[in-house]
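Here is the structure we will look at, set down as structure tokens.
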Amino acid sequence: MTDIQAGTEAAAAAASTSAQVPAIELDGVVKEYVAHGEVVQAVKGVTLTITEGEFFSLLGPSGCGKTTTMRMIAGFEDPSRGTVRLHGQDVTDVPPNKRDVNMVFQSYALFPHMNVWENVAFGLRRKKIGEAEIKRRVGEMLEIVALTGREKRRPREMSGGQQQRVALARALVNKPRALLLDEPLGALDLKLRQAMQIELKRIQREVGITFVYVTHDQSEALTMSDRIAVMNDGLVEQLASPREIYESPSTAFVAGFIGTSNLLSGTVDRIVSGSAVLRLGQEGRVLVAGDGFQVADPVAVTVRPEKITISTEEPTGDLSVVPGIVSEVVYLGLYNSYAVSLADGAEVTVFQQNALDSTSTAERGDAVWLSWQPRHSYAIGS
Amino acid sequence: MKRLAPYLLILPGGLWLAIFLVVPMVFMASVSTQEGDVVNGFVQTFNFSVYGDALVQYRTQFLRSAGYGLVATVVSIALAYPMAYWIAFKGGPRKSTYLLLVLLPFFVSFVLRTVSWKFLLADDGMLLSPLKSIGLVPGDFHVLQTTAAVIGGLVYNYLPFMILPIYVALERVDPRVVEAAQDLYAARREAFTKVVLPLSLPGVFAGVLMTFVPMTADYVNAGILGGPENTMIGNIIQTEYLVNNDYPTAAALSFTLMAAMLVGIFAYAKALGTENVLEAAAR
Ligand SMILES: Nc1ncnc2c1ncn2[C@@H]1O[C@H](COP(=O)(O)OP(=O)(O)OP(=O)(O)O)[C@@H](O)[C@H]1O
Ligand SMILES: [Mg+2]
């Protein structure tokens, strides 16, 4: 059994006795900067709880405050308001070197004047750990990230992926109780990136510590995370599991940001036990679950492109049905992507698997019916 | 043609050096071994003994120059490093203004600046006479004509050459790397000694090269601010040449000084080369 596993088991035992103290808690955290005499709110009030051992992602577009939020957890920025707690302890005023979390920087920030071994040993040296134990732990860590034999290399003599692994090893070797990763794969090409995603996930399972992962790549967040906080403009829009965020986005922003999504707007036509029937144009009707609808209310709903079926004849049954004209067909190998114009001018994207059935082979200019199960569309608040 | 292109790039500079550095040096080397005087002219006799004689005669001034240069270099580092650090890390958007301020003295003639120090620091000058009249310093206290005045002048005149390379090195230190050190449990002081300082040493190294050589060879500061006890080798060369018209001795002294400094610099570079320093600092 490796040392790291032993450490994790001890941590897990400690966690179970202390009745699930959350690893990281942000409570009403606000960060304001003064730039050119103007106050800019980078983070506008974030409250969230990250549990021990979780793979937690902060996802959002550029400039939404992900890095700022993470830097407040690490201690590089003082929150303007609110508190940061690590393992139940208020650390709002604790400097970064006294916090038991480690960060993997977006640009790696390796020490350019030290070789791989010295880089990885840096944290242990500062903690005044014995030379023999440093040797053992660094060697073990380099093995985990597959860099054994490269100890004497300088960072600039290594590829991007290798540097990334050094950065990871340099943080993990200290057995922090949480690891913060700020777009650690941002600089890598697609192939290496996917390989590193799998690698990161494996390491996280192996060492079992909390990962807080910042990314603006939604597929990365969806595949790796236990839970995701989708951020926009300094606020958390939705905090849920990847599936939940993908299947039932709670705001128009989340729906638009995650995957491809169609946004349709209609008015409530009638209410039937726990759901509403919306009218879209002359012939379109969309069923949407939920209460609190009022007849004649305008309502926006989302539906994913792969949930829609295209057919040339009007479908029957308890489906949402909207007519339209095919304006574009793009062959994408496994599936076709259709752009369908609705009567009100809105354009709907539909993904249809190839060679499924003959009804789905529509051509440009065809009048078609789009249909989907009511459970695949969600009304969203604006 | 293609392969010649790189050499074409160094052609103008190379020619410049050849004409204005190598030619005079060859000429001076030839002068150094000639014998004679200004009135009757000098004749080439390959008299190499002038080197030994000059070295023996002006040993004191040689050693003094090296000593002054060394002390002034150390003082310069002590003054320049914090200043460069402050500009690089705390200068904010006004960095270039501060750098301009550092360079401001260069807009005034070197000699004029040094002469103005002479007025300021004179025994009954603006600084000392009020201090003497209120009895804060004894009546026979003086600043000029002391070792301190000469070294002070050297430091003052060459400080920007120390500040600039250190500033450039510090400016290139990625702030994320400093944060990474703090994240890995280094207190502020450790983050400085383990990361910032080693990464800025190449700048200190360059600053030393740029100041030690001209300070050791300087004659203006010793000439204006110093007394007979502070004569540096530069002053001797100047006197031999312009006053005594002993061209061979002046040339021999110049070459000896040059050789000594080249040897010193090479030894310094070898011992404290960038790689060695970084290697040591990594631990
Ligand atoms: N030191 C600062 N001074 C002023 N404004 C800042 C500062 N740091 C960040 N900001 C602003 O705060 C907002 C959030 O920045 P942040 O770096 O957290 O974004 P991000 O979500 O990490 O973006 P990215 O994906 O591009 O890295 C941005 O609008 C940014 O301009
Ligand atoms: Mg960022």
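Going residue by residue through the range A:146-156, is there one that turns out to be surrounded by fewer than 17 Cβ atoms within 10 Å (Cβ to Cβ) and within 25 Å of B:R188 (Cβ to Cβ)?
Checked the range A:146-156: no residue is surrounded by fewer than 17 Cβ atoms within 10 Å (Cβ to Cβ) and within 25 Å of B:R188 (Cβ to Cβ).
Within the set of pairs 6+ apart or on separate chains, which have a first residue in the range B:65-90 that is of a type in the set (F, W, Y), a second that is part of a helix (DSSP H, G or I) and modelled with pLDDT under 95, and C-beta atoms under 6 Å apart?
As it stands, the answer is none, since no pair meets every condition given.
Which of the residues that make up the range A:357-382 are more than 28 Å from A:N232 (Cα to Cα) and modelled with pLDDT under 80?
A:D357, A:S358, A:T359, A:S360, A:T361, listed by residue number.
If you take the residues in the range A:220-243 that are of a type in the set (S, T, N, Q) and closer than 18 Å to A:E54 by Cα, which one is nearest to ligand 2 (Cβ to nearest atom)?
Filtering the range A:220-243 down to residues of a type in the set (S, T, N, Q) leaves A:223, A:225, A:232, A:238, A:241.
Imposing the further condition that a residue be closer than 18 Å to A:E54 by Cα reduces the set to A:223, A:225, A:238, A:241.
Working: A:T223: 20, A:S225: 17, A:Q238: 19, A:S241: 23 Å.
Ranking the candidates gives A:S225 first.
What about A:A171, is it crowded, with 23+ Cβ neighbours inside 10 Å, more than 14 Å from chain B (Cβ to nearest Cβ) and touching a strand residue (DSSP E or B) at 6+ places or on another chain (Cβ under 8 Å)?
On the way: crowded, with 23+ Cβ neighbours inside 10 Å: yes; more than 14 Å from chain B (Cβ to nearest Cβ): no; touching a strand residue (DSSP E or B) at 6+ places or on another chain (Cβ under 8 Å): yes.
No: the conditions fail for A:A171.
Output the residue which, of all residues in the range B:171-191 that are more than 14 Å from A:F122 (Cβ to Cβ) and more than 7 Å from chain A (Cβ to nearest Cβ), is surrounded by the fewest Cβ atoms within 10 Å (Cβ to Cβ). First the steps, then the outcome.
Narrowing the range B:171-191 to residues more than 14 Å from A:F122 (Cβ to Cβ): B:171-176, B:188-189.
Adding the requirement that they be more than 7 Å from chain A (Cβ to nearest Cβ) leaves B:171-173, B:175, B:188-189.
Numbers: B:E171: 16, B:R172: 13, B:V173: 19, B:P175: 11, B:R188: 13, B:R189: 8.
Among those that are more than 14 Å from A:F122 (Cβ to Cβ) and more than 7 Å from chain A (Cβ to nearest Cβ), it is B:R189.
So A:F122 passes all but one of these: (1) at pLDDT below 95; (2) under 31 Å from the mean Cα position of the chain (by Cα); (3) at the interface with chain B (Cβ under 9 Å from one of its Cβ atoms). Which condition number does it fail?
All conditions pass for A:F122, except number (1).
Of all the residues that make up the range A:195-216, how many are within 16 Å of ligand 1 (Cβ to nearest atom) and either within 14 Å of chain B (Cβ to nearest Cβ) or without any contact (Cβ under 8 Å) to a residue 12 or more places away in the chain (or both)? So that I can check it myself, show each step before the final result.
We begin by selecting, within the range A:195-216, every residue within 16 Å of ligand 1 (Cβ to nearest atom); these are A:212-216.
Within this subset, residues satisfying the condition of being either within 14 Å of chain B (Cβ to nearest Cβ) or without any contact (Cβ under 8 Å) to a residue 12 or more places away in the chain (or both) are A:212.
Matching residues across the range A:195-216 total 1.
Looking at A:L192, A:L185, which one is in contact with a helix residue (DSSP H, G or I) (Cβ under 6 Å, 6 or more places away or on another chain), within 16 Å of ligand 1 (Cβ to nearest atom) and either free of Cβ contacts under 8 Å to residues at least 60 places away in the same chain or not assigned by the TED database to the domain that holds A:E52 (or both)? Full working, then the answer.
On the way: A:L192 fails: within 16 Å of ligand 1 (Cβ to nearest atom).
The conditions single out A:L185.
Kindly provide the set of residues from the range A:26-72 that are part of a strand (DSSP E or B), away from ligand 2 (no atom under 14 Å from the Cβ) and within 20 Å of A:G208 (Cβ to Cβ), ordered by number.
A:T49, A:I50, A:F55, A:F56
Residue-by-condition table, conditions (1) surrounded by fewer than 18 Cβ atoms within 10 Å (Cβ to Cβ); (2) under 26 Å from A:F253 (Cα atoms); (3) at pLDDT below 85:
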{"site": "A:L280", "(1), (2), (3)": "no, yes, no"}
{"site": "A:V288", "(1), (2), (3)": "no, yes, no"}
{"site": "A:T316", "(1), (2), (3)": "yes, no, no"}
{"site": "A:V340", "(1), (2), (3)": "no, yes, no"}
{"site": "A:A343", "(1), (2), (3)": "yes, yes, no"}
{"site": "A:A355", "(1), (2), (3)": "yes, no, yes"}
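Take the range A:116-129 and flag every residue that is touching a helix residue (DSSP H, G or I) at 6+ places or on another chain (Cβ under 9 Å) and surrounded by fewer than 19 Cβ atoms within 10 Å (Cβ to Cβ).
Once the filter is applied, which keeps residues that are touching a helix residue (DSSP H, G or I) at 6+ places or on another chain (Cβ under 9 Å) and surrounded by fewer than 19 Cβ atoms within 10 Å (Cβ to Cβ), the range A:116-129 yields A:R125, A:I129.
Conditions tested, residue by residue: (1) under 29 Å from B:P228 (Cα atoms); (2) modelled with pLDDT under 95; (3) out of contact with any Ser or Thr (no Cβ under 6 Å at 6 or more places or on another chain).
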residue: B:R64; (1), (2), (3): yes, no, yes
residue: B:G67; (1), (2), (3): yes, no, yes
residue: B:I87; (1), (2), (3): no, no, yes
residue: B:S96; (1), (2), (3): no, yes, yes
residue: B:L99; (1), (2), (3): no, yes, yes
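Among B:V168, B:V196, B:V143, which is the only one that is surrounded by fewer than 22 Cβ atoms within 10 Å (Cβ to Cβ) and within 14 Å of chain A (Cβ to nearest Cβ)?
B:V196
Within the range A:81-119, can you find the residues that are within 9 Å of chain B (Cβ to nearest Cβ) and of a type in the set (S, T, Y)?
A:S107, A:Y108, listed by residue number.
Do you know which residues across the range A:42-72 are closer than 29 Å to A:R205 by Cβ, more than 8 Å from ligand 1 (Cβ to nearest atom) and among the charged types (D, E, K, R)?
A:E52, A:E54
To keep it simple, each residue is scored yes or no on (1) exposed (fewer than 12 other Cβ atoms within 10 Å of the Cβ); (2) under 30 Å from B:R176 (Cα atoms); (3) β-branched (V, I, T).
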residue: B:L100; (1), (2), (3): yes, yes, no
residue: B:G125; (1), (2), (3): no, no, no
residue: B:I134; (1), (2), (3): yes, no, yes
residue: B:V150; (1), (2), (3): no, no, yes
residue: B:G153; (1), (2), (3): no, no, no
residue: B:Y158; (1), (2), (3): no, no, no
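Applying the selection to the range A:167-182, what residues are away from ligand 1 (no atom under 16 Å from the Cβ) and in contact with a Phe, Trp or Tyr (Cβ under 7 Å, 6 or more places away or on another chain)? Break it down stepwise before answering.
So in the range A:167-182, the residues away from ligand 1 (no atom under 16 Å from the Cβ) come out as A:167-179.
Passing the criteria: A:A167, A:R170, A:L179.
The values are calculated or read from the model by the stated rules, or taken from the named source; none is laboratory data. What you see is a predicted model; the values in this text were computed from it and never measured. Every residue, glycine among them, receives a Cβ derived from its backbone with ideal geometry; neighbour counts consider all protein chains shown.
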